[in-house]
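FYI, it's all coordinate maths here, none of it is from the lab. Just so you know, these numbers come straight off a predicted model, no measurement behind them. Backbone-built Cβ (ideal geometry, glycine too); neighbour counts: all protein chains shown.
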Amino acid sequence: MYSDFAPIPVFAVLSVVLIGVALFLQRILAPAEKTALKLSVYECGEEVEGPAWIQFNIRFYVIALIFLIFDVEVVLLFPWAVVFKDLGWVAFIEMLIFLGILTVGLVAVWSRRDLDWVKMKVPYGQGRYAKLRGSAE
Amino acid sequence: MTATDSKSSNFGVVETEEMVLNMGPQHPSTHGVLRLKIRTDGEIVTHIEPHLGYLHRCFEKHCENLSYEQVIPFTDRCDYLASMANNHIYALGVEQMMGLEVPDRVEYIRIIMVELQRIASHLMGVGTFGLDVGGITPFTYCFRDRERVLDLFEYTCGARLLYNYIWIGGLSHDLPENFVQYANEFLDYFEPKIDEYNRILTYNKIFIERTGDVGVLPADVAISYGCTGPVLRGSGVSWDLRKNEPYSIYDRFEFDTVLGTGEMGTLGDCWDRYFVRIQEMRESIKIVRQALAQLPEGDVFEALPKKVRPPEGSIYFRGESPRGELGYFIVSDGKNVPYRVKMRSPAFCNLSVINEIGAGWMISDIVTILGSLDIVLGEIDR
Amino acid sequence: MSGFDIAAALVKVLLVFGVTMLTIMLMTLAERRVSAFMQYRLGPNRVGFGGLLQPLADGLKFLLKEDIIPTQANRPIYLLAPVIVMVPALMTMAVIPFGAPLQIGEHLVPLQVADLNIGVLYILALTSVGVYGLVLAGWGSGSKYPLLGGLRASAQLISYELAMGLSIIGVVMLTGGLTFGEIIAYQQETGWNIWKQPLAALIFLIAIFAETNRLPFDLTEAEQELVGGYHTEYSSLKFAMFYLSEYANMITASAFMVSLFFGGWDVPFVDELAMGGWGVALSVLAFVVKVGFFLFLYIWVRWTFPRFRYDQLMRLGWKVLLPLALVNVVLTGFWLVWRAGA
């Protein structure tokens, strides 16, 4: 059975070799004239102000946590789905309970408005953004 | 407060830093060489500071060393997407100073050209706005039709972008043979194309998601920032110099002032500003059709003055360019060279509102809002 | 394993690898030609017959361009990122069956490089690895626009991945197996899954557009906003690797879609297995046509729609697709047990 997997490493090796050969060729063929300006990072042609590695506010932290929980759920569902036909009602009801608990979680997160993770403060916010009204600074 | 207290009060709050991000001058969607220095907290923009001057060519200083006629090619290069409108308003200003009357035919041809130019300019605005929200094909559709307008200009005066066509007291060329027929053919071809833009872009669900309710500019803010043109009308203020202060012969034509409606969200959002431009193209078509039908015969060169020497004094002449109120303040000391020319550029005022309506939105929305203002850097930096 | 099996396996590996590379190259050309056709342009038509050699010219150009690594970049991560994107993208095609089994002498050779017993999971896993490459590329560049692009990549991942996984669960429940062999055999017997799982197919289609970072979900690159997104700082071949792996992912995603919902190589109302060599040829053709259709759909959609904002994608993923996918799982389960009971 594990012999089924044999071609997979061959594929991986082939891809790596292909990339390696290309990079090697480039090393030989391509010009290399480095200057300080050329090696600086892109910021639309202006001097870079401040580093990129800061304590960046990604904002979707809570959703990322919820994602982990649900992703585990999906992982658990796969083996269940494979044997589902043989197990019948019992498995179905069990899974309903499992999904039910998670759905309650989803509803809770939803009603807490954690799914609306973009807490913009929009001046003159109206319509869809009426709840986000506020001053940005 | 003890150490534990401060810790517990900060529980769940992660300290984050603000990032200063340069958008432009070399950026795909700043419509030229505008530099927006934006402060962001995450992807949410807290402050936008436009930095200008990358395209500054000393237009106003140049004017003080050039004779009145020689200024016209320079006005071309201010708003290079609506050169005809720049020519027109400058020429009208100088003519009014000199008390010059131009033949009717000249007036009509000027209106035809300026309104065709408005179509071309709005096509550019609409197309690049589509590009800003990620729709690439509508842009090429708009360019396909803009080419037809430029072809008409090329046929008339040989130039496709910078025309130097409308002169003080006249025009550089009379209309070529069959121009009326070609122009009518273009209008017949173009009018149904507006529906095509509506199908591919205007009423697209994603487009509405991206532009409806986004970047709302209330009418009072628009007025206090001096916004004009489609930006102001998108907020529902009926202010169009062609209607409110008819200059040239605009009072002879039937057309409507298009206003934002808030149809897809709130009055004054990006969608409204965009849709005002779409509908203004229809109004321009109406005007051109009428002007073509009424076009009188005559000699377009008869009023060209031998010498352009306006009497001592000053004038502020304003008109409606595709971007809004374009004004020239011209001071004459009686010589053949203006003492001072000051240009009031509509895009400059329209751009100034960006921090007011843009702060608080996400980076994607800044691009949308900037696109909906439809700026031209040549005119902002001058 | 006999010598014949090993030889057959090697031939298949080389064939699939070669054809995948060739298709990627053709896709780069097709995208430009088709978009040009949609936009009243001509597109590249000068190199070779009708521009057919354009991809080679492009490849050569990438090869001859200077390789620039910014001083501010985190070198190991910067160098590793394109490899992490490219290798999984090329490896996924290994488990997709591209035709009916071929009878050679007394051997029955399945036209599939590896029929893994976890084939579906294998693709799901590898495509997710590719996203790490994007995030690392964004962070490792040490520049602001790539950083934003990389973060968007992670935001995008947590938006669509759940719905994607759940939409496949329905198919797995029907089939009772995770191998592509079983899934296609099941569809041959009882009809394509698209008729039984239309909702799942729709969710999956939307999810693969997000998965491959194509418009309307190409937030990670978003030229008009982030200039180039995660690959802003990459030049020459390293940029080409991102560029090519996007197409490789599109091909895999299309093949995945076809295998799960459109019967793979199956032609309805035809018994390919009984037709011998011609049946195999027909099945390969059917597979190519189906995958080709979805590849065209990718291009078609890209050049038609504007782009979502990334919180809108997240809202779509969590508030629309996820509940729908959950409902689909429950409905499928209910239908299956009810039918088994009746």
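Values as computed for the structure displayed
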| quantity | calculated |
| --- | --- |
| Residue B:95 being among the charged types (D, E, K, R) and assigned to a helix (DSSP H, G or I) | yes |
| Hey, residue B:291 over 30 Å from residue B:101 (Cα atoms) and in contact (Cβ under 8 Å) with a residue 12 or more places away in the chain or not | no |
| Residue, surrounded by the fewest Cβ atoms within 10 Å (Cβ to Cβ), within region B:272-295, restricted to residues that are farther than 15 Å from residue B:183 by Cα and among the hydrophobic types (A, V, I, L, M, F, W, C) | B:278 |
| Every residue from region B:168-181 that is closer than 21 Å to residue B:146 by Cβ, surrounded by fewer than 17 Cβ atoms within 10 Å (Cβ to Cβ) and free of Cβ contacts under 8 Å to residues at least 60 places away in the same chain | B:176, B:181 |
| Answer residue from region C:315-326, given it is at the interface with chain A (Cβ under 10 Å from one of its Cβ atoms) and farther than 14 Å from residue A:74 by Cα and is surrounded by the fewest Cβ atoms within 10 Å (Cβ to Cβ) among those | C:319 |
| Residue B:215 being touching a Lys or Arg at 6+ places or on another chain (Cβ under 9 Å) and crowded, with 16+ Cβ neighbours inside 10 Å | yes |
| From the options B:201, B:187, residue that is in contact with a Gly (Cβ under 7 Å, 6 or more places away or on another chain) and part of a helix (DSSP H, G or I) | B:201 |
| Cβ-Cβ under 7 Å pairs, at least 6 apart or on other chains, region B:185-214 side within 14 Å of chain A (Cβ to nearest Cβ), far side among the β-branched types (Val, Ile, Thr) and part of a loop (DSSP other than H, G, I, E, B) | B:210/B:133; B:211/B:133; B:213/B:266 |
| Candidates C:148, C:237 - the one that is within 29 Å of residue A:27 (Cβ to Cβ), within 12 Å of chain A (Cβ to nearest Cβ) and not hydroxyl-bearing (Ser, Thr, Tyr) | C:237 |
| Failed condition for residue B:79, given (1) of a type in the set (Asp, Glu); (2) buried (at least 24 other Cβ atoms within 10 Å of the Cβ); (3) within 18 Å of residue B:173 (Cβ to Cβ) | (3) |
| Complete set of residues in region C:210-232 that are at negative phi, in a helix (DSSP H, G or I) and within 12 Å of chain B (Cβ to nearest Cβ) | C:223, C:224, C:225, C:226 |
| Subset of region C:169-186 (residues that are within 18 Å of residue C:110 (Cα to Cα), touching a residue at least 12 places away in the same chain (Cβ under 8 Å) and of a type in the set (A, V, I, L, M)) | C:178, C:183, C:184 |
| Of residues in region B:220-230 being buried (at least 17 other Cβ atoms within 10 Å of the Cβ) and within 14 Å of another protein chain (Cβ to nearest Cβ), the one nearest to the chain's Cα centre (by Cα) | B:227 |
| Selection within region C:114-145 - within 10 Å of chain A (Cβ to nearest Cβ) and β-branched (Val, Ile, Thr) | C:118, C:120 |
| Residues (free of Cβ contacts under 8 Å to residues at least 40 places away in the same chain and under 28 Å from the mean Cα position of the chain (by Cα)) located in region C:59-75 | C:60, C:61 |
| Odd one out for residue B:140 among (1) in a helix (DSSP H, G or I); (2) within 19 Å of the chain's Cα centre (by Cα) | (2) |
| Complete set of residues in region B:31-59 that are charged (D, E, K, R) and surrounded by 16 or more Cβ atoms within 10 Å (Cβ to Cβ) | B:35, B:37, B:39, B:41, B:43 |
| Scan of region C:117-132 for residues that are buried (at least 20 other Cβ atoms within 10 Å of the Cβ) and polar (S, T, N, Q), ordered by number | C:127 |
| Some residue of region B:140-155 being within 14 Å of chain C (Cβ to nearest Cβ), more than 16 Å from residue B:249 (Cα to Cα) and among the β-branched types (Val, Ile, Thr) | yes |
| Helices (runs of 4 or more DSSP H) lying entirely in region B:211-311 (those with 2 or more residues that are under 20 Å from residue B:129 (Cα atoms)) | B:230-234, B:270-294 |
| Residues of region A:54-96 classified as of a type in the set (Val, Ile, Thr), closer than 28 Å to residue A:110 by Cβ and either in a helix (DSSP H, G or I) or more than 8 Å from every other protein chain (Cβ to nearest Cβ) (or both), total | 8 |
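The rows are residues; the columns are (1) assigned to a helix (DSSP H, G or I); (2) touching a residue at least 40 places away in the same chain (Cβ under 8 Å).
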| position | (1), (2) |
| --- | --- |
| C:234 | no, yes |
| C:253 | yes, yes |
| C:256 | yes, yes |
| C:280 | yes, yes |
| C:285 | yes, no |
| C:299 | yes, yes |
| C:314 | yes, yes |
| C:324 | yes, yes |
